[in-house]
Amino acid sequence: MLFFRKKAKPTLFMKGIFLTPLGKTRKLNAVHWHTPAGTVSPSHKHPEDQMGLVIKGAIRVTIGKQKAVLKAGDAYFIPSNVPHQFTLVKTSDVVDIFSPPRPAPKPVTARSGRK
């Protein structure tokens with residue numbers, strides 16, 4: 001499977017956050033996030049392992065009790081069911097890989113309740 005950026009279709013996830021699926025196999029999937037500075041994701045956990053690579057910008061990451069600010073070229077690894085949270089220090093581009101594949105979030109709609 002190949003991915004071509006010019007054929008990609010980013011979708012609005014919420015409040016200026018764009019999600020672009022990069023591809024998937026039976027055992028993993030990858031997504032690209034473009035997220036504005038100041039965005040805070042609530043602490044959450046999920047059954048999938050997660051690996052992320054910061055492509056551009058800076059993010060503050062909390063994984064369990066570990067905290068750090070990551071910049072372009074830095075990465076994080078989150079085991080399944082470990083609480084984690086992200087705060088965008090700068091507008092950032094991040095690629096996340098999930099195993100097994102994590103269902104893609106639904107785009108924002110008038111009925112979704114997301115703003």
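A short reminder: the numbers here are calculations on the coordinates, not readings from a lab. Every value quoted in this text rests on a predicted model; they were computed, and no experiment measured them. Every residue, glycine among them, receives a Cβ derived from its backbone with ideal geometry; neighbour counts consider all protein chains shown.
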Exercise. Yes or no: residue 52 under 24 Å from residue 1 (Cβ atoms), of a type in the set (Gly, Ala, Ser), out of contact with any Leu (no Cβ under 8 Å at 6 or more places or on another chain) and in contact (Cβ under 8 Å) with a residue 12 or more places away in the chain?
Worked result: yes
Seminar exercise, completed: A careful count of residues in the stretch 62-92 that are of a type in the set (Val, Ile, Thr) and either surrounded by 19 or more Cβ atoms within 10 Å (Cβ to Cβ) or part of a loop (DSSP other than H, G, I, E, B) (or both) gives 4
For this session: Please state which one of 15, 24 is surrounded by 13 or more Cβ atoms within 10 Å (Cβ to Cβ), of a type in the set (D, E, K, R) and in contact (Cβ under 8 Å) with a residue 40 or more places away in the chain.
Result: 24
